[in-house]
Amino acid sequence: MASSAAAAAATVMLGGKGSALSPAAVYAFSLGLAAPGIDPSAHKSLSTRAPSPQETPARLAAALAALAPAESRAAAAVLLNKLVLTSSDSASARGDAAAFDVPASGDGLCAKDEADVAADIKVLVFGSKLVGAAGGVPAAATFAKVPALNGIFRQAVRALHVLVRIELNAPVKLGKRDAGETGEGKEEALVVLATQLARAVQALSKLSIARARLCAESIADAELREKLTGGVSVDDLKGMLDNVLIDSDAVSVLKGVYNHLLKFRDFLAWEAAVAMAVIEADSSIEKPQAAVENEAASVTEKPLAGGDKAKGDKKSKKKKTLGKGTSAVLMLLRDHVTNGSTVAAMNSASVAEWATSLSLLFDPKCPGLESLVEKVKEIVESNEVRRLPKIPKGTRDFGKEQMAIRERAFSIITSVFKMHGATALDTPVFELRETLMGKYGEDSKLIYDLADQGGELCSLRYDLTVPFARYVAMNSISALKRYQIAKVYRRDNPSKGRYREFYQCDFDIAGVYEPMEPDFEVIKVLTELLNQLDIGTYEIKLNHRKLLDGMLEICGVPPQKFRTVCSSIDKLDKQTFEQVKKELVDEKGISNETADEIGNLVKTRGPPLEVLMELRKEGSKFMNNVGSVAALNELEILFKALDKANAISKITFDLSLARGLDYYTGVIYEAVFKGAAQVGSIAAGGRYDNLVGMFSGKQIPAVGVSLGIERVFAIMEQQEKERNEKIRPTETEVLVSILGKDLTLAAELVSELWNAGIKAEFKLTTRVANHIKYALQSSIPWMVLVGESELQKGTVKLKDVEANQEEEVDRKDFVRELKKRLSKS
């Protein structure tokens with residue numbers, strides 16, 4: 001029997017470049033379906049780490065001891081991943097700007113709102129000499145929570161805002177139904193989002209109180225400190241959240257959330273008032289002043305008689321400064337609560353008055369709030385040096401080393417395509433929306449639609465296959481063998497090796513040929529690509545769409561559900577059959593018996609010719625199905641051709657392969673990397689006989705394959721890292737080093753090299769060490785050194801950088817001599 005036996009537990013690698021632990025992997029760990037492994041580079045880092053001085057918190061130890069076996073396995077995997085990800089030089093939390101160093105990335109592994117909050121705070125405190133002044137672990141913990149909790153608050157506000165805006169502009173569904181039923185669950189959805197906002201507000205309120213107390217504790221006056229510390233209490237929150245969550249009446253819930261917001265406004269106002277009082281009372285802090293006040297201050301700070309300054313002046317000027325952003329906000333708040341007058345001696349009554357005034361300022365009805373918001377927005381968006389730009393989620397930049405690897409990969413891929421006689425094609429990055437719709441099944445939701453500019457409705461291309469079919473149909477082409485390397489766009493959830501913008505490398509053959517003729521060549525091209533890219537062990541899973549349809553027909557699936565069931569089967573490489581079965585039964589309306597029969601058949605996989613014999617043996621259900629018989633006959637031709645071409649060893653006949661795209665009609669295949677790096681599918685394709693006809697009405701059969709270069713690149717990048725090989729970002733062969741600033745001489749010498757077809761750069765500096773350092777960093781093998789001595793003698797020095805050997809040659813012969821040396825290397 002060709003059905004696979006129960007496989008050993010899969011290994012999920014932790015650590016390494018771009019690794020990401022998924023909830024599905026943790027679930028697999030808990031059930032024993034997968035085992036964690038540590039990436040070699042991460043293992044090396046762990047082995048050189050000093051032991052942590054920290055002890056396991058008692059609360060964590062108690063929680064771990066109470067876990068069930070499955071929970072323990074999951075927890076162990078999570079903790080191991082945290083250990084692997086923790087950098088060796090990670091320091092303990094500090095009450096400084098480090099708390100707001102929240103990285104933003106495009107791979108979906110960072111909280112965007114959290115990163116945005118952190119970036120905004122860094123803008124406000126930029127230039128401050130007070131950051132970290134509170135010090136200590138409590139202070140650090142208090143401020144370290146700000147990005148995460150405020151980020152969740154932003155998410156809750158945005159989600160509620162979107163739903164409310166939709167409902168405000170949605171028409172009422174009129175009909176015979178009761179008016180109370182027309183909401184169709186919208187009221188419950190509104191309550192869910194409102195309670196999420198209430199939880200976020202509750203957390204922010206507690207954090208505001210903690211920050212206010214932290215500020216008050218720095219006041220020297222014990223009586224004032226005690227009054228300010230006890231000015232607000234977390235007890236005021238008790239019961240409020242329970243009332244919001246327990247009450248099932250939507251109006252009462254929304255009122256409760258509104259009261260939460262009012263309370264939060266008071267807490268925030270009290271915190272601001274206390275912070276302002278602390279700043280006013282601290283003589284070591286430089287107070288922000290208006291321009292007129294600054295001029296007046298500069299007039300009064302004059303030298304004493306005789307030209308000498310007071311001895312204490314120099315020291316007194318070294319005051320701690322606030323951040324540029326916080327200074328501007330403080331001036332607005334202070335002007336509001338004092339009406340521009342001088343601040344008198346601070347006391348608890350003054351702080352209480354300030355808090356009341358600020359609470360009124362934070363009321364949306366107050367005109368001053370708009371000015372405050374605009375000022376904060378202006379500061380945040382001014383984007384001085386401290387706020388770094390970000391890239392969109394699901395995208396990435398390629399530096400010079402990455403580009404060197406990618407260009408090498410593209411060169412190999414292009415050479416394989418051309419070796420098979422393919423011609424290049426380029427198509428627009430966006431297509432008419434109608435061109436793309438109805439071609440991708442359930443994946444159509446991932447298409448990026450462009451905003452309507454009052455013209456044609458367009459979308460970014462999802463792949464290169466549909467544009468190719470459109471091109472063939474539009475130009476009435478009957479036969480074409482083409483390749484295309486270009487970017488495509490998918491509104492997918494980013495993960496390791498999965499981006500929203502990425503390159504595809506496609507090879508397709510369109511036209512009428514003998515059975516399996518183009519299919520064989522496309523699969524042969526795929527094996528050559530993966531072999532020449534030298535990425536390691538891989539497997540090409542292969543199936544036939546007609547055989548898949550025959551299998552579903554045998555199992556009793558209605559024909560109208562074939563495509564949607566295929567979409568579920570296609571998830572078997574990422575989910576267990578039990579998860580897929582649940583989707584088939586609960587969402588697709590398939591019976592338990594039918595789902596179980598599908599489950600038994602999709603387990604069939606193994607060497608192509610062996611599985612083919614198994615499926616064609618006497619008594620096989622497939623031999624009684626017309627579509628299955630036709631598919632098996634085609635596969636016999638294909639497998640024998642691949643066998644003769646020495647390519648069948650990489651192929652696995654796998655009945656679980658479904659390929660969810662609607663346009664496939666025949667052979668389908670998918671290449672999967674079998675090494676340690678978990679990147680999923682690296683190439684896929686199949687036959688699509690009807691796609692061109694969807695555009696022109698004339699059927700032009702076609703078959704093709706698409707290589708996901710981003711995932712292949714991730715493997716190649718990891719291999720370079722493991723081999724510890726230096727990547728040369730340039731192909732420079734010679735560095736012309738002028739020991740001086742004579743650009744004319746450099747231009748003359750380097751132009752001779754360029755005219756001779758030698759890849760060369762030039763550098764002007766008097767220090768020889770700088771020339772050699774640049775050559776070593778860029779891995780440039782040869783240098784031409786010219787200084788005063790060489791100029792006088794009419795010579796140049798040729799330096800073999802790696803061997804560290806020099807030779808002096810005549811100036812007129814240096815190009816010929818370099819060519820001779822380069823030809824030997």
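The values are calculated or read from the model by the stated rules, or taken from the named source; none is laboratory data. None of the values given here were measured: they were computed from a predicted structure. Every residue, glycine among them, receives a Cβ derived from its backbone with ideal geometry; neighbour counts consider all protein chains shown. Accessible surface is based on the protein model in full, side chains and every heavy atom, while ligands, DNA and RNA are left aside. Shrake-Rupley method; radii C 1.70, N 1.55, O 1.52, S 1.80 Å.
Each of residue 637 and residue 382 was given a label point 7 Å from its Cα along the Cα-to-Cβ line. The distance between the two points is 7.3 nm. If R0 is taken as 56 Å, the Cβ-Cβ distance between residue 475 and residue 779 corresponds to a FRET efficiency of 0.75. With both labels modelled 7 Å from their Cα along Cα-to-Cβ, the residue 217 to residue 582 distance reads 4.5 nm. Relative protection proxy for 733-740, 411-418, from highest mean packing down: 733-740, 411-418 (other beta-carbon atoms within 10 angstrom).
Sorting 191, 557 on solvent-accessible area from highest to lowest, probe radius 1.4 Å, gives 191, 557. The modelled label-to-label distance for the pair residue 258/residue 696, using points 7 Å beyond Cα in the direction of Cβ, is 6.4 nm. Ordered by solvent-accessible area of protein heavy atoms (1.4 Å probe), largest first, the residues 720, 597 come out as 597, 720. Using a probe of 1.4 Å, the accessible surface attributed to residue 489 totals some 40 Å² when neighbouring protein chains are kept in position.
Apply the a/c threshold of 1.5 to the C-alpha gyration tensor of segment 734-823 and tell me whether it is rounded, prolate or oblate.
Rounded shape, in that the Cα axes give a/c under 1.5.
Ordering 701, 672, 646 by Cα displacement along the dipole of segment 644-724 toward the positive end leaves 646 in first place; charges were set at the Cβ atoms of Lys, Arg (+1) and Asp, Glu (-1).
Ranked by the mean number of other Cβ atoms within 10 Å of their residues, highest first, the peptides 680-686, 224-230 come out as 680-686, 224-230. Residue order by solvent-accessible surface for 430, 653, 143 is 430, 143, 653, largest first, with ligands and nucleic acids left out and a 1.4 Å probe. When both segment 419-486 and segment 495-525 are represented by their alpha-carbon centers, they are found 15 Å apart.
Rounding to the nearest 20 debye, state how big the charge dipole of segment 423-548 is about its Cα centre with +1 on each Lys and Arg Cβ and -1 on each Asp and Glu Cβ.
300
Evaluate the charge dipole of segment 606-731 about its Cα centre and quote only its size in Debye, nearest 20, assuming +1 on the Cβ of each Lys and Arg and -1 on the Cβ of each Asp and Glu.
Charge dipole of segment 606-731: 80 debye, to the nearest 20.
With a ≥ b ≥ c taken as the square roots of the eigenvalues of the C-alpha gyration tensor of segment 539-674, please select rounded if a/c is under 1.5 and otherwise prolate if a/b is larger than b/c or oblate if it is not?
Details: a/c = 1.92, a/b = 1.44, b/c = 1.33.
Taking the square roots of the gyration eigenvalues as a ≥ b ≥ c, segment 539-674 is prolate.
If you model segment 693-736 as an ellipsoid using its alpha carbon gyration tensor, with each semi-axis the square root of five times an eigenvalue, the axes come out at 43, 18, 7 Å, biggest first. Length available on full extension from residue 168 to residue 620: 0.36 nm per residue minus the Cα-Cα distance, which gives 156.7 nm.
In the assembled protein chains, residue 506 presents an accessible area of approximately 0 Å² (probe radius 1.4 Å). In this calculation the C-beta distance from residue 423 to residue 575 is compared with R0 = 35 Å, giving a FRET efficiency of 0.30. For residue 773, the accessible area of its heavy atoms, probed at 1.4 Å with every protein chain present, is near 120 square angstrom.
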